[in-house]
Structure formats: C-alpha cells, structure tokens
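Beneath this line is the structure, given in structure tokens, with notes to follow.
The values are calculated or read from the model by the stated rules, or taken from the named source; none is laboratory data. Owing to the predicted nature of the structure, the values given are computational and were not obtained by experimental measurement. Note that each Cβ is placed from the backbone with ideal geometry, even for glycine, and that neighbours are counted across all protein chains shown. SASA here: full protein model, heavy atoms, side chains in, ligands and nucleic acids out. Shrake-Rupley method; radii C 1.70, N 1.55, O 1.52, S 1.80 Å.
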Amino acid sequence: MDRRVRRTRRMLQDALVALIEERGYERLTVQDVLDRADVGRSTFYTHFRDKDALFMTWFDGLREDLRGELDAMAVGHQPPGTTRPLGVIFDHAYRNRRVYRAVCGRQGGNAFTHLMQRLLFELLHEHLCVAGTRLPVEIAAEYYSGALLSTLLWWVRQDFPYPPEELAAMCQLLTSPGVMASLTPAPHIP
C-alpha cells in the first residue's frame, strides 16, 4: 500500500473510532464517517464496501498488533505463575485506551465484543493445543476466553481502575487453580 492509501485508511479508521465514542456503532453512518474524515464517498468505496468492512479492517489491525505482541513472547520460557500473557492483553488495552473505550464501552455495541471473544478464544485454543489439556480444548478455551473478556469489558467500562499488571495478577489468582487442573495429565486407566 502506498502512503496515500495508508493515510486515507487511517483517517477513516480514526473517524470511525471517534464516532463510535460519541454516538455508538449502530447509530453512525458512512456519511458520518466521510464528514468526520473529510473524505469523498467514491474514495471511501474504493477502499471499503460499507462501515462494517471499515470496522473489520480496523479490528484486523488491532488483532494483528495484539497477536504480534503475544507471539513475541517466547513460548515455554514463561516462569511458573507468570502473568505475562494476561499482562500483554491488559497492557495492550491500556495503551489503546481510547480505542478500547470506544468499542468496549456502552457505545461500542456487540460487534467488537463478539470479535474480541473469538480472538481470545483462538489465542487460548492455540496455546492449549500446544500445552495439552485433559479437558476438551474447545471447552477450556471458551471458558477462559469468556472470563477474560468479561473482566476486560468490566475494566474498560470502569475506566481502568487498576494498572494492567495488577489486574493480570488478580486474574491469575482467580484462574490459576483451574488452568493447572486442566493441564494436569489425566490418570491412565487400564
């Protein structure tokens, strides 16, 4: 992508986030985004088919950023009891507070919540497939991604009352016994 295309996409994405904060996702229109970004209709449709496509492109960038940070952690090199994976997720949200407020807050609607649930599920599913679990991986990943998403949404909606590291430590205290129990190999029955 050349610089002009990146700049136009960034302007449209920034306008989208600002409008979600102000009006909510469901209430905004393509015309609202065009007016805010000061971009023409034909230019918008050159890049996106509708506001949902713009939203998905924006979310894909957020997902890749978070996935890159998690992938950068050396798998298997985390000391027992570390809160690092949770810390990365909460730190990402904290550094991108404006964006997370817009999409996780009351104005964000269900689109982001559903996408974030799927992302957390995928990340946990991948990790559990590698680590192994005596429970069905889908159930463990669904359970923990639901708990993590619920905590993340609460934290954002309460305007980040705890630092990311502290929240990660609290989540680990809450989930650690279950995670450790699910990772313990099942006894072999002859």
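Numerical summary
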quantity: Odd one out for M116, checked against (1) over 27 Å from M56 (Cα atoms); (2) open to solvent by less than 30 Å² (accessible area, probe 1.4 Å); calculated: (1)
quantity: Complete set of residues in segment 22-49 that are among the aromatic types (F, W, Y) and open to solvent by 80 Å² or more (accessible area, probe 1.4 Å); calculated: Y45
quantity: Pairs where the first residue, in segment 165-176, is touching a residue at least 24 places away in the same chain (Cβ under 8 Å) and the second is surrounded by 13 or more Cβ atoms within 10 Å (Cβ to Cβ) and acidic (D, E), C-beta under 9 Å, 6+ apart; calculated: E165/D91; A168/D91
quantity: Single condition L19 does not satisfy, out of (1) among the aliphatic types (A, V, I, L, M); (2) surrounded by 11 or more Cβ atoms within 10 Å (Cβ to Cβ); (3) out of contact with any Asp or Glu (no Cβ under 8 Å at 6 or more places or on another chain); calculated: (3)
quantity: Close pairs (8 angstrom Cβ cut-off, 6 or more residues apart or separate chains): farther than 18 Å from V88 by Cβ in segment 112-125, outside any helix (DSSP H, G or I) anywhere; calculated: F112/Y25
